[in-house]
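To keep things clear, I will list the structure first and then write my remarks on it.
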Ligand SMILES: [Zn+2]
Ligand SMILES: [Zn+2]
């Protein structure tokens, strides 16, 4: 088959094209071609590739949630004692550690939404660490004096940096 032979897109039969899927060789037009590191692919091959790429099962998501919540809560309690300056430095480190531990726990399976689960765990862990002093309010003689404890800039900074790192590692 010569390069110059006119073919029509497999998905748009009225569109002339010379482009072909680098995997199955089907003619595709620029509109439906998907650029990948190994060349242009047709939508069918991209779908198959993604199905293989994402290997996480519902059990993996459950494990990611439990392990993520546990380590995120521990991390938030530690970060909550270090102050804003260390939160800036160690926030990304903590996010990276959380991401790697979860990845190890789900045996390096990949999931489209694992990053979202882990990000949610980081937020919940920080909320637990921030709201835990609320227990003091129940017993405090002057509850209002404890309200500033709820505004935790250090934990907000930590969450932003940790979520950013976890997203970058897991997406
Ligand atoms: Zn193809
Ligand atoms: Zn097309």
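The values are calculated or read from the model by the stated rules, or taken from the named source; none is laboratory data. Everything numeric here is computed off the predicted structure, so don't read it as measured data. Methodologically, a virtual Cβ is constructed for each residue, glycine included, from the backbone with ideal geometry; neighbour enumeration extends over all protein chains shown.
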Hey, residue 10 part of a loop (DSSP other than H, G, I, E, B), near ligand 1 (Cβ under 10 Å from one of its atoms) and crowded, with 18+ Cβ neighbours inside 10 Å or not: yes
Total residues in region 31-52, condition in contact with a strand residue (DSSP E or B) (Cβ under 9 Å, 6 or more places away or on another chain), near ligand 1 (Cβ under 9 Å from one of its atoms) and closer than 25 Å to residue 108 by Cβ: 3
Where residue 104 falls short, out of the listed (1) free of Cβ contacts under 8 Å to residues at least 24 places away in the same chain; (2) within 20 Å of the chain's Cα centre (by Cα); (3) within 16 Å of ligand 1 (Cβ to nearest atom): (3)
Condition check for residue 44: more than 16 Å from ligand 2 (Cβ to nearest atom) and surrounded by 15 or more Cβ atoms within 10 Å (Cβ to Cβ): no
Residue identified as in a loop (DSSP other than H, G, I, E, B), away from ligand 1 (no atom under 16 Å from the Cβ) and within 18 Å of residue 106 (Cβ to Cβ) among 65, 55: 55
The listed residue being under 14 Å from residue 73 (Cα atoms), modelled with pLDDT under 90 and in contact with a helix residue (DSSP H, G or I) (Cβ under 9 Å, 6 or more places away or on another chain), out of 131, 136, 155, 147: 131
Test: residue in region 124-140 that is part of a helix (DSSP H, G or I), within 30 Å of residue 50 (Cβ to Cβ) and within 20 Å of the chain's Cα centre (by Cα): yes
Count of residues meeting criterion [out of contact with any helix residue (DSSP H, G or I) (no Cβ under 6 Å at 6 or more places or on another chain) and assigned to a loop (DSSP other than H, G, I, E, B)] in region 84-109: 2
